[in-house]
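Have a look at the structure below, then the notes.
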Amino acid sequence: RSKHEEIELVSVEEFYREAPAEISRPAVTLGEPHQQTLARLDWELEQRKRLAEKYKECLANKEKILKEIEVKKEYLSSLQPRLNSIMQ
């Protein structure tokens, strides 16, 4: 048994519908189950790399937003004493 059998790959139909021709190579992979599995694994790797990059971008965006929120919180917390001094 191979480790790749534990990976849940996209269906064959979805693979041929969504994967680019340079990865799916239908002329080669349709009649060759081993080549088809290799191509599906390549497509899975490409998708995972793309998703990992998107995840990193989202994390960076989240950190940026959290910093902005912190700055705004500090500003709002400093606003109350200033308002009190103005009122006095």
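The values are calculated or read from the model by the stated rules, or taken from the named source; none is laboratory data. Predicted model only: the values in this text are computed from it and were never measured. A quick note on method: Cβ atoms are made from the backbone with ideal geometry, for glycine too, and the neighbour counts reach across all protein chains shown. Protein only, heavy atoms only, side chains kept; ligands, DNA and RNA dropped before computing areas. Shrake-Rupley method; radii C 1.70, N 1.55, O 1.52, S 1.80 Å.
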*Confirm whether A39 is at pLDDT 90 or above, among the aliphatic types (A, V, I, L, M) and either surrounded by fewer than 10 Cβ atoms within 10 Å (Cβ to Cβ) or under 17 Å from the mean Cα position of the chain (by Cα) (or both).*
no
*Quickly run through the range 42-87 and pick out the residues that are under 29 Å from R25 (Cα atoms), among the aromatic types (F, W, Y) and open to solvent by 100 Å² or more (accessible area, probe 1.4 Å).*
Y55
*Would you pick out the residues in the range 1-17 that are touching a residue at least 12 places away in the same chain (Cβ under 8 Å) and open to solvent by 80 Å² or more (accessible area, probe 1.4 Å)?*
none
